[in-house]
Amino acid sequence: MSTKADFTPEQWDTIVKTPMMVGWAVVAASPSGPVGMMKEMSAMARVVMDAGKQAAEGSLIKSVTDEIKLRAFDRKEGGAEKLAAADVKPRALALCKDAVAAIAGKGQPGEADAFRAWLVSVARGVAEASKEGGFLGFGGKQVSEAEQAAIKDLAAALGTPA
């Protein structure tokens, strides 16, 4: 199973940033107000970290989630990238392509497919966290058209079905 040592520092940084940026791309696709945004951000963290809890020790996904946790508490890391809302999706798409290319090139067989599937599940988990539209929680859609489009675009960048 691949770990941080199998990748260049730049590749590892890309791989680690990708899951959270995928989540942010869905959040930015269809902002759902302060409460909805908090639900989506919470879902993003939950989906990412649950995958790490369920992953086998020493697996790539476990290594990535461990690194995300480490960076979240490391003040020297500098925090998340600061991007305008319009730049989040293009950045996420680029990270998806670069991360999968790095894993496919240096990872173990099957790791790139597992990483792709995980990223799509992150996008879906964020999209399903809060209804879009409606009034005071009534009506609305579980996943907006903009979120569906974001998931489709992310899946296409990953080279996997949505």
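Taken together, the values in this text are just the output of simple stated rules run on the coordinates, not laboratory data. The model shown is predicted, which means the values in this text are computed figures rather than measured ones. Glycine also receives a Cβ, built like all others from the backbone with ideal geometry; neighbour counts cover every protein chain displayed.
Filter the DSSP H helices in the chain by two things, a Kyte-Doolittle mean of at least 0.0 and an axial alpha-carbon span of 30 angstrom or more, and list the hits by number.
Once both thresholds are applied, what remains is 33-54, 85-106.
Once you have the Cα-Cα distance between Gln54 and Lys4, take 0.36 nm times their residue separation minus that, and quote the gain in nm to one decimal.
Extra length available between Gln54 and Lys4 comes to 16.1 nm.
Please compute the alpha carbon radius of gyration of the chain, then divide it by the globular-protein estimate 2.2 N^0.38 Å. Two decimals is fine.
1.02
Can you give the extra length, in nm with one decimal, that the chain gains between Ala84 and Ala45 once fully stretched, where that is 0.36 nm per residue apart less the Cα-Cα distance?
Difference between extended and current length: 12.0 nm.
What is the gain in length, in nm to one decimal, between Phe73 and Ala101 on full extension, counting 0.36 nm per residue of separation less the C-alpha to C-alpha distance?
Once the chain is fully extended between Phe73 and Ala101, it gains 7.3 nm.
Taking the Cβ of Phe7 as the centre, find all other residues whose Cβ is under 12 Å away and add up their charges (Lys, Arg: +1; Asp, Glu: -1).
Here the charged neighbours net out to -4.
If you count, for each residue, the other Cβ atoms within 10 Å and average over each peptide, how do 26-32, 108-114, 39-45 line up from highest to lowest?
Ranking, from highest mean packing down: 26-32, 39-45, 108-114.
Add +1 for every Lys or Arg and -1 for every Asp or Glu among the other residues with Cβ under 12 Å from the Cβ of Gly125, and state the total.
Net local charge, Gly125 excluded: -1.
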